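Asks: The structure is given below, and queries will be raised subsequently.
The values are calculated or read from the model by the stated rules, or taken from the named source; none is laboratory data. Everything numeric in this text was worked out from a predicted model, so none of it was measured. For neighbour counting, all protein chains shown are included, and Cβ atoms are generated from backbone atoms with ideal geometry for every residue, glycine included. Accessible surface is based on the protein model in full, side chains and every heavy atom, while ligands, DNA and RNA are left aside. Shrake-Rupley method; radii C 1.70, N 1.55, O 1.52, S 1.80 Å.
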Amino acid sequence: MLSRLLAVLVLLSAMQAGGEARAEGRLRIVEQFGTVYLPLHVLRDQKLIEKHGKAAGLDIQVEWTKLSGGAAINDALLSGSVDIGAAGAGPVIVLWDRTKGSAEVKVIAALGEQPNYLITSNPNVKTLKDFTKADKIALPAVIVSQQSRLLQIAAEKEFGEGKYGALDELTVTLPHPDATAALLSGSSSITAHFSNPPFQEQALQNPKVHKVLSSYDIMGGRITPTLLYATSKFRNENPKTFKALYDALNEASQWIETHKAEAAETYIRVEQSKLEPAFVKSVIDNEDVSFTTIPQGTFKYAAFLAKIGAIKNKPASWKDYTFEVLHDKPGS
């Protein structure tokens, strides 16, 4: 864990050192961990951004980096170290609120519908009320991450109005790979993990681990947990690059839906994963999973964040924090 933290700090430093403004045709994208980022893996593997750029008469150079947690992604975007961030709806809407009237950060597209599971190795935990101070719940970033906000929404439903922070003191920050390893080790203080596919499915193969609840349970239906976003300045100054990215995302999402086996192999190749292709395919083939660029269920996060005072500007609709390229779509 320490080595990973040091690596992230070094990466941020390097990114900030090269944070000068980029001209049209340069694109710096930061992603996180899991199959929810599969459309980005396909973009990289098939060079779809470059393909759509060339169709518009533009040679696009794409740079890829990886961080863990929406807070780190947001810091990188605001510092000018990256052009495109990928994070959960919670962190993205908070950044939209913070930059309203300045950088004007907005959503470019969703990365697909996939559930997040709260899983545990504690056999006594069947509901949220069963957690005790002896339990530690790992998630990408305390308070601000997608999983942290989901836990707060669930806590308020379980413990009562205004008690959304009832479990916050039990949460600790860990990237999904480290949290999975800690949970499965049995020797760690980590007894639960608000996870991400395929890490949650990987952990659930262990008979000592079980699911407490799903993000779909919390939000009352299917949602797109992860969004791609950028500043309005980047969008306005790089219209051809922006369009190439958007068109490439749509192509990647459509390709995944009809090429699940090949998409699983793409994930393994790009992530250099040791998981079996059949296992990864089973994760993305789940009936609860679909790859779409249209945001779904995001306004529920916005309403919650406004209610608890995490954002000052309550949007009137999901279109307030998304770019107009999405506005003719059936989003929410």
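Asks: Ranked highest first by the average count of other Cβ atoms within 10 Å around their residues, in what order do 313-320, 241-248, 48-55 fall?
Replies: On the way: 313-320: 15.4, 241-248: 22.2, 48-55: 19.1.
The most tightly packed comes first, giving 241-248, 48-55, 313-320.
Asks: Okay, next question. Toward the positive end of the charge dipole of the stretch 26-146, about the Cα centre and with charges on Cβ (Lys, Arg +1; Asp, Glu -1), which of LEU128, GLY57, LEU43 goes farthest?
Replies: Result: LEU128.
Asks: Additional query: Which pairs in the list LYS208/LYS300; LYS100/LYS260; LYS163/LYS314; LYS163/LYS211; LYS133/LYS157; LYS100/LYS329 are over 30 Å apart, alpha-carbon to alpha-carbon? Don't skip to the answer; put the middle values down first.
Replies: Details: LYS208/LYS300 33 Å; LYS100/LYS260 39 Å; LYS163/LYS314 21 Å; LYS163/LYS211 23 Å; LYS133/LYS157 20 Å; LYS100/LYS329 23 Å.
Result: LYS208/LYS300; LYS100/LYS260 exceed 30 Å.
Asks: If you don't mind, another one. Amide H of VAL107: which non-local residues (sequence gap of 5 or more, or other chain) have their own amide H closer than 5 Å, using H built in the peptide plane?
Replies: Here the answer is THR322, PHE323, since their amide H atoms fall under 5 Å of that of VAL107.
Asks: Under a Cβ-Cβ cut-off of 14 Å, what is the net charge of the residues other than LYS307 that fall near it, where Lys and Arg count +1 and Asp and Glu count -1?
Replies: Cβ neighbours under 14 Å give a net charge of +3.
Asks: Calculate one ³J(HN,Hα) per residue across the stretch 185-197 by plugging θ = phi - 60° into the Karplus curve 6.51 cos²θ - 1.76 cosθ + 1.60, and present them in order as whole Hz with x for glycine and proline.
Replies: Once θ is set to phi - 60°, the couplings for the stretch 185-197 become 5, x, 10, 9, 6, 6, 10, 8, 8, 8, 9, 8, x Hz.
Asks: Based on the Cα coordinates of the stretch 94-241, what is the per residue volume of their convex hull in Å³?
Replies: Working: hull volume 18.7 nm³, N = 148.
Output value, Cα hull per residue: 127 Å³.
Asks: HN-Hα J couplings of the stretch 227-242 from phi, Karplus 6.51/-1.76/1.60, θ = phi - 60°, integer Hz, Gly and Pro as x?
Replies: 10, 9, 8, 7, 7, 5, 4, 4, 4, 6, 8, 9, x, 6, 5, 4
Asks: Next question. What number, in percent, do you get for the relative contact order of the stretch 283-332 if the mean sequence gap of Cα pairs under 8 Å and at least 6 apart is divided by its residue count?
Replies: With pairs under 8 Å counted, the relative contact order is 42 percent.
Asks: Right, here's the next one. Let's see if you can work this out: charge +1 on each Lys and Arg Cβ, -1 on each Asp and Glu Cβ, no other charges. What is the dipole magnitude of the stretch 101-251 about its Cα centre, in debye to the nearest 20? Intermediate results must be reported in sequence, preceding the final value.
Replies: Numbers: 15 positive and 15 negative charges, 11 e Å.
Approximately 60 debye in magnitude.
Asks: About the Cα centre of the stretch 153-228, how large is the charge dipole given +1 on each Lys and Arg Cβ and -1 on each Asp and Glu Cβ? Please answer in debye to the nearest 20. Could the numbers behind the result be given before it?
Replies: Working: 5 positive and 8 negative charges, 47 e Å.
Its charge dipole is roughly 220 debye.
Asks: Further question on the same structure: Give, rounded to the nearest 20 debye, the magnitude of the charge dipole that the chain has about its Cα centre when Lys and Arg contribute +1 at Cβ and Asp and Glu contribute -1 at Cβ.
Replies: Details: 36 positive and 36 negative charges, 102 e Å.
For the chain, the charge dipole is close to 480 debye.
Asks: May I ask you to give the percent of accessible area on the chain that is carbon plus sulfur, with a probe radius of 1.4 Å? Working shown, then result.
Replies: Values: 7050 of 13500 Å².
Roughly 52 percent of what the probe reaches on the chain is carbon or sulfur.
Asks: Below 8 Å between Cα atoms, with a sequence gap of 6+, how large is the relative contact order for the chain in percent?
Replies: Values: 624 pairs, mean separation 85.9, N = 332.
About 26 percent, as a whole number.
Asks: At 1.4 Å probe size, with every protein chain present, just tell me what the per residue accessible area of the stretch 234-332 comes to in Å².
Replies: Numbers: 4730 Å² over 99 residues.
Result: 48 Å² per residue.
Asks: What area, in nm² and to one decimal, does the C-alpha convex hull of the chain cast on average over all directions?
Replies: Mean shadow area of the hull around the Cα atoms is 15.9 nm².
Asks: Sticking with this structure for a sec: What is the percent of Cα-Cα separations in the stretch 174-225 that go past 17 Å?
Replies: Values: 483 of 1326 pairs.
The calculated P(r) of the stretch 174-225 puts 36 percent of pairs beyond 17 Å.
Asks: Can I ask one more? With a sphere of radius 10 Å drawn around the Cβ of THR65, what net charge do the other residues whose Cβ falls strictly inside it have (Lys, Arg +1; Asp, Glu -1)?
Replies: Details: positive: ARG28, LYS66; negative: GLU31, GLU63.
Charge balance in the 10 Å sphere: 0.
Asks: What does the charge add up to near ILE137, with Lys and Arg as +1, Asp and Glu as -1, over the other residues with Cβ less than 11 Å from its Cβ?
Replies: Working: positive: LYS136; negative: ASP135, ASP168, GLU169.
Charge balance near ILE137 sits at -2.
Asks: Where does the stretch 60-167 land on Rg(C-alpha)/(2.2 N^0.38 Å)?
Replies: Working: Rg = 16.5 Å, N = 108, 2.2 N^0.38 = 13.0 Å.
Ratio of Cα Rg to 2.2 N^0.38 Å: 1.26.
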